[in-house]
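So the structure is just underneath, and the comments pick up after that.
The values are calculated or read from the model by the stated rules, or taken from the named source; none is laboratory data. All of these numbers come straight from a predicted model, not from anything done at the bench. No Cβ is skipped: glycine too gets one built from the backbone with ideal geometry, and neighbour counts run over all protein chains shown. Ligands, DNA and RNA are excluded from the accessible area calculation, which covers all protein heavy atoms including side chains. Shrake-Rupley method; radii C 1.70, N 1.55, O 1.52, S 1.80 Å.
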Amino acid sequence: MKAALLEHAGPIEDKPLQLRDVAEPTAGPSQIVIKVTACGVCRSNLHMVEGDWLPATPSSLPIIPGHEVVGTVSALGSAVRHLAVGDRVGVQPIWSTCGVCEFCLSGREQLCRTKQITGETLDGGYAEYMLAESAYAYPIPAGVSDTEAAPLFCPGITAYGSVRKAALSPGQKVAVLGVGGVGHMVIQMAGLTGADVYAVTRSAMHQAVAEELGAVKSYSPKGADGSFVPDASLDAAIVFAPSAASVAEAVRITKPGARIVLGVAEPVPGAIDIGDEKIIVGSVLGNRQQMREVLDMAAAGKLRSIHADFPLAEANEVLRMLKAGEIRARAVLVP
Ligand SMILES: [Zn+2]
Ligand SMILES: [Zn+2]
């Protein structure tokens, strides 16, 4: 099969992904092989390909990146009962978890310390076929196309986890900082809670996307050109813009007692005023039940993904466009 293989990390301008012929995977008893039809392109893929993602990530080279994967089941292990060849399924970044630790047993399997990560510890979806654990593959609802569904598997579940942690109520005001692959879904899900959404982004293109998706207003952050949100005016903030300045902006614009949800690994500014009792909470992905709820929202027409589709062979170019801020919301590779 053809796969976009990462053999050595390097600047995306040097095209570190190589289109290679590699062996097709074979399914163990509990596993499935998926014929990939769509794979979303995540900013974390860009970081891994350039060699500045989490320590020891990927866990080994070469690796096939990609963790927002949709396709059809092409082969089944002998113990798989709930799926059939030809079923449309998707896989999120959580490839598998241990199933027995305190986090797995309490509905927080995204915190499992021994989880496998699609496209980081095991091969992912920048390929014609991918291996998956059947218990971590999700049926795609009828009416949601493959390329529409792919971004639900990382931006969708990531957005859902962050909006839940923001604990929004109808009529509250929430800032969404960063309007990319994840942010464009945060805006929609925050809107579904009945909160008023204020999108904060420098990009005029992303401001337009935010308002198209129901943000009541979009702003440039303070210090950038254009208008900005007044100090201490919002009930909550959700940050997916990858900059320390965005975290500082979230602290500035939120009221005392606000929740600030961080979906990016950026420093929190020093000297937080403890008298403000702000709650700053990290958020990563979500569990399998929450993933199903995201798919249900898309099936019900409450959530849509804005995506642009590209051939697998253009993976390097698509990652370069993402780095340059040229992608409106989500790019999807089609093998
Ligand atoms: Zn991702
Ligand atoms: Zn576990």
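Descriptive notes on the structure:
- Sparse-neighbourhood loop sites, trypsin sites (Lys or Arg not before Pro) in region 55-136 - DSSP loop, at most 12 other Cβ within 10 angstrom: Arg81, Arg113
- Surface accessible to a 1.4 Å probe, per residue, for the residues of region 1-144, Å²: 43 Å²
- Taking each DSSP H run with n ≥ 4 as -39500 (n - 2.57) and averaging over every residue of the chain yields -6500 deg cm²/dmol at 222 nm.
- In this structure the amide hydrogen of Asp309, modeled in the peptide plane, comes within under 5 Å of the amide hydrogens of Val332, none closer than 5 places in sequence on its chain.
- Subset of Lys278/Lys323; Lys222/Lys323; Lys217/Lys255; Lys2/Lys302 violating a 27 Å alpha-carbon distance limit: Lys278/Lys323; Lys2/Lys302
- Heavy-atom accessible area ranking, 1.4 Å probe, most first, across His206, His82, His184: His82, His206, His184
- DSSP-loop GluC sites (Glu not before Pro) across region 254-325, with at most 11 other Cβ within 10 angstrom: Glu277
- With all protein chains modelled, accessible area of Lys15 [1.4 Å, Å²]: 120 Å²
- Residue-wise HN-Hα couplings along region 92-98, as the Karplus relation 6.51 cos²θ - 1.76 cosθ + 1.60 with θ = phi - 60° gives them from phi, are 9, x, 6, 6, 6, 10, 6 Hz; Gly and Pro carry x.
- Vicinal HN-Hα couplings computed from phi for region 191-200 (Karplus, 6.51 cos²θ - 1.76 cosθ + 1.60; Hz; Gly/Pro x): x, 5, 6, x, 7, 8, 9, 10, 8, 10
- What the Cα atoms of the chain give is an Rg and a Dmax of 19.6, 60 Å.
- Protein heavy-atom surface of region 157-282, 1.4 angstrom probe: 54% of the accessible area is carbon and sulfur, with nucleic acids and ligands not counted.
- Solvent exposure, largest accessible area first (probe 1.4 Å, DNA, RNA and ligands not counted), of Met205, Met185, Met297: Met205, Met297, Met185
- Working note: Debye formula, equal point scatterers on the alpha-carbon atoms of region 157-282, no solvent; log10 I(q)/I(0) at q = 0.14, 0.16 Å⁻¹ is -0.49, -0.65.
- Using a Förster distance of 25 Å, the FRET efficiency for Ala265-Met1 (Cβ separation, nearest 0.05): 0.15
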